[in-house]
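The values are calculated or read from the model by the stated rules, or taken from the named source; none is laboratory data. Please read these numbers as outputs of a predicted model, since none were measured by experiment. Counting neighbours? That spans all protein chains shown, and the Cβs are built from the backbone with ideal geometry, glycine included. Please note that ligands, DNA and RNA were not included when accessible areas were found on the heavy atoms of the full protein model with its side chains. Shrake-Rupley method; radii C 1.70, N 1.55, O 1.52, S 1.80 Å.
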Amino acid sequence: MVSFEEYSARDARLIILRGLSVETDGTLNETLLTMLLRTFGHNRSRDYVRTQIRKMEELGAVTVTEAGSVLIPSITRAGLDHVERRSIIEGIARPSPEV
């Protein structure tokens, strides 16, 4: 059974991926992603968001560019396939079917 903290982190990762997937260039910086997560009830620190970005990089869902001290993740094909339900990345919540 997954702990609440892990469940919450997986949900945050999915929210981040969905946010990236709707951007024309598939990127957002960590500050904008922190604001996005807050709109979905994840009121977390910037360090928490950075940790989730790095975890998604390990999972192959994003690539990361550093601009000074700011992380800028870009969604990968694998990340987009997960959001669009063509494949599954363990460690990221599964998207629900679009109605």
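Values computed for the structure shown
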item	result
Fraction of accessible area attributable to carbon and sulfur, the chain (%, probe 1.4 Å)	53
Sites matching trypsin sites (Lys or Arg not before Pro) across the range 1-66 that sit in DSSP coil, with at most 16 neighbouring C-beta atoms within 10 Å	R44
Added length on full extension, which subtracts the Cα-Cα distance from 0.36 nm per residue, V22 to R94	24.2 nm
Alpha carbon Rg of the range 6-99, scaled by the compact-globule rule 2.2 N^0.38 Å	0.97
For the chain, built as a Gaussian network whose Cα springs stay under 10 Å, the top-fluctuating residue of I89, I75, I53	I89
The range 45-90 - percent relative contact order, Cα under 8 Å, separation 6 or more	28
Chymotrypsin sites (Phe, Trp or Tyr not before Pro) restricted to the range 1-47 and DSSP loop, no more than 10 other C-beta within 10 Å	none
Loop GluC sites (Glu not before Pro), the range 4-99 (other Cβ atoms within 10 Å of the site Cβ: 12 or fewer; DSSP)	E23, E84, E90, E98
Length-normalised contact order for the chain - Cα pairs under 8 Å, 6+ apart - percent	30
